[in-house]
Amino acid sequence: MGENRHVSPLRQTSPARSASARTTSGPARRTRTPAVDTACAEAVDIAREAAADTASPGQVGEHLGLRAEGDRVVTHYFECLDQAYEGWRWAVTVTRASRAKNVTVSECVLLPGDDALLAPPWVPWLERLRPGDLGPGDLLPTAPDDVRLAPGYTEVDDSGDRQADWELGLGRVRVLSREGRDEAAERWYDGVGGPRAPIAASAPAQCSTCGFYVALAGELRQLFGVCANEYAPDDGRVVSADHGCGAHSEAVSIPAVSEHSPPVIDELGYEVVPASPADEAAADAAVDDAAPLDDEALGHS
């Protein structure tokens, strides 16, 4: 007696599955380069007419060449004479059906060439913003995942005690993260309120020793403060502790040697005023009285 063999349906392999397995598991299929269709390649006039209908009058130039896109599909390129689109070209794709002789236009577009004048790449509005762009009535929403901010009470690392001392965040949902503080500190320190500003090079002393220096709160108070001198150029601005200006509270003012200039005598024009007889007699008496004293002082008898 022969043995009855039962094959499980799960182990059976269908011809279709076998063909599919051979197709996917075998070597990758080579991409065939499409041949240039003769009828589509000769349809230059049809492609030019389509480009002329799409463009403004007189904006289609000479034929630049063609390229096969697929079986019986060819794209013709024409020069664009519009001065606003320098380096661009008209691309007209023509095709024909299988076993058909009539060539039809598939699409007509304006494409940039290798040396085309292109617009700069699009930049999101949040990355285009610069300091000073925000005006009255403008709103600048902050993203929930902004790396410059961290939830209050939860930003704890190896310096947890220090974080609790400097950034409590009382009454605020989020506070500055470590990355946000470092970014702000670097921007302020390298700016006009830092130690490398031209006005700080000639300052008599640093802001840290000035009475108008008001330190910031939080961890930034160790390096930054606000100027409270209304006559200083940085009044109301954040300055570093090693910044400085000429309005330092301890700047010494050296007074001038004389506050009054010597009198000016006009020697070019003057007026002769005659003296009265009484003044002349008094002057003669004074001379007579002074003469003996002068002679005695000089040693004459």
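Tabulated values for the structure
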read-out: Single residue of the range 112-131 satisfying the filter (within 30 Å of TYR77 (Cα to Cα), free of Cβ contacts under 8 Å to residues at least 24 places away in the same chain and among the hydrophobic types (A, V, I, L, M, F, W, C)) that is least open to solvent (accessible area, probe 1.4 Å); value: ALA119
read-out: Failed criterion for ALA201 (all others in (1) out of contact with any Cys (no Cβ under 9 Å at 6 or more places or on another chain); (2) surrounded by 14 or more Cβ atoms within 10 Å (Cβ to Cβ); (3) among the small types (Gly, Ala, Ser); (4) farther than 21 Å from VAL175 by Cα hold); value: (2)
read-out: Single match in GLU86, GLU42, GLU62 (criterion: farther than 19 Å from ASP114 by Cα and modelled with pLDDT under 95); value: GLU42
read-out: Only listed residue being modelled with pLDDT under 85, open to solvent by 80 Å² or more (accessible area, probe 1.4 Å) and more than 30 Å from VAL73 (Cα to Cα), chosen from LEU134, LEU149; value: LEU134
read-out: Residues located in the range 94-103, provided they are in contact (Cβ under 8 Å) with a residue 40 or more places away in the chain and surrounded by fewer than 17 Cβ atoms within 10 Å (Cβ to Cβ); value: LYS101
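The values are calculated or read from the model by the stated rules, or taken from the named source; none is laboratory data. It should be emphasised that the depicted structure is a prediction, and the values quoted were computed from it without experimental measurement. Cβ coordinates were reconstructed from backbone atoms using ideal geometry, including for glycine residues, and neighbour counts include every protein chain displayed. In case anyone asks, the SASA skips ligands and DNA or RNA and just uses the protein heavy atoms, side chains included. Shrake-Rupley method; radii C 1.70, N 1.55, O 1.52, S 1.80 Å.
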